[in-house]
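For reference, the structure discussed in these notes is given below.
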Amino acid sequence: MIIGQTIFSVRRGTEHRAEAALAEVRRQFTLADGLRGHSILRSLGMSPLASELSEDEGQSALFSVHYVVQTEWGTMAEHDAFYAGEGMRRAYSVLSSVLTSGPYEILYEAVEEQQREPVAA
């Protein structure tokens with residue numbers, strides 16, 4: 001399994017534009033061959049756990065809003081084919097106008113996979 005983490009930051013106040021682009025990314029995911037799963041994360045602020053920051057200071061310490069798009073693929077070829085597609089180029093062109101950093105993708109190969117037990121309702 002291949003895991004990709006795409007990381008980028010946008011200017012505060014432009015989250016709506018970033019999330020419109022991410023809506024297009026989600027639509028493209030529904031068409032992707034080999035995609036096993038995905039998560040899209042948005043920062044809330046810095047945790048005061050490992051620092052001297054108060055909760056309010058943790059929020060103000062982040063000048064940009066950070067996103068992580070994590071994907072899981074069966075093979076590297078499936079990953080590469082998806083990201084080479086026109087739909088992803090369109091989505092990233094929308095993002096380019098609001099980015100403060102990124103997008104950067106880090107790829108991982110699964111060394112160990114943990115099977116999750118279904119949660120009973």
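The values are calculated or read from the model by the stated rules, or taken from the named source; none is laboratory data. Keep in mind that what you see is a predicted model, and the values were worked out from it rather than measured. In this analysis, Cβ positions are derived from the backbone assuming ideal geometry, glycine residues included, and neighbour counts consider all displayed protein chains.
Listed values, structure above:
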read-out	value
Failed condition for Ala121, given (1) within 19 Å of the chain's Cα centre (by Cα); (2) modelled with pLDDT under 80; (3) loosely packed, with under 11 Cβ neighbours inside 10 Å	(1)
Filtered residue count, segment 93-115, keeping only those that are over 12 Å from the mean Cα position of the chain (by Cα), within 19 Å of Glu19 (Cβ to Cβ) and touching a residue at least 24 places away in the same chain (Cβ under 8 Å)	7
Residues (in a strand (DSSP E or B) and surrounded by 14 or more Cβ atoms within 10 Å (Cβ to Cβ)) located in segment 93-106	Leu99, Thr100, Gly102, Pro103, Glu105
Single residue of segment 74-112 satisfying the filter (modelled with pLDDT under 90 and of a type in the set (Val, Ile, Thr)) that is nearest to Gly37 (Cα to Cα)	Val111
In segment 52-73, residue farthest from Ala23 (Cα to Cα) [restricted to those that are modelled with pLDDT of 60 or more and among the hydroxyl-bearing types (Ser, Thr, Tyr)]	Ser64
Residue, surrounded by the fewest Cβ atoms within 10 Å (Cβ to Cβ), within segment 65-92, restricted to residues that are closer than 18 Å to Ile40 by Cβ and of a type in the set (S, T, N, Q)	Gln70
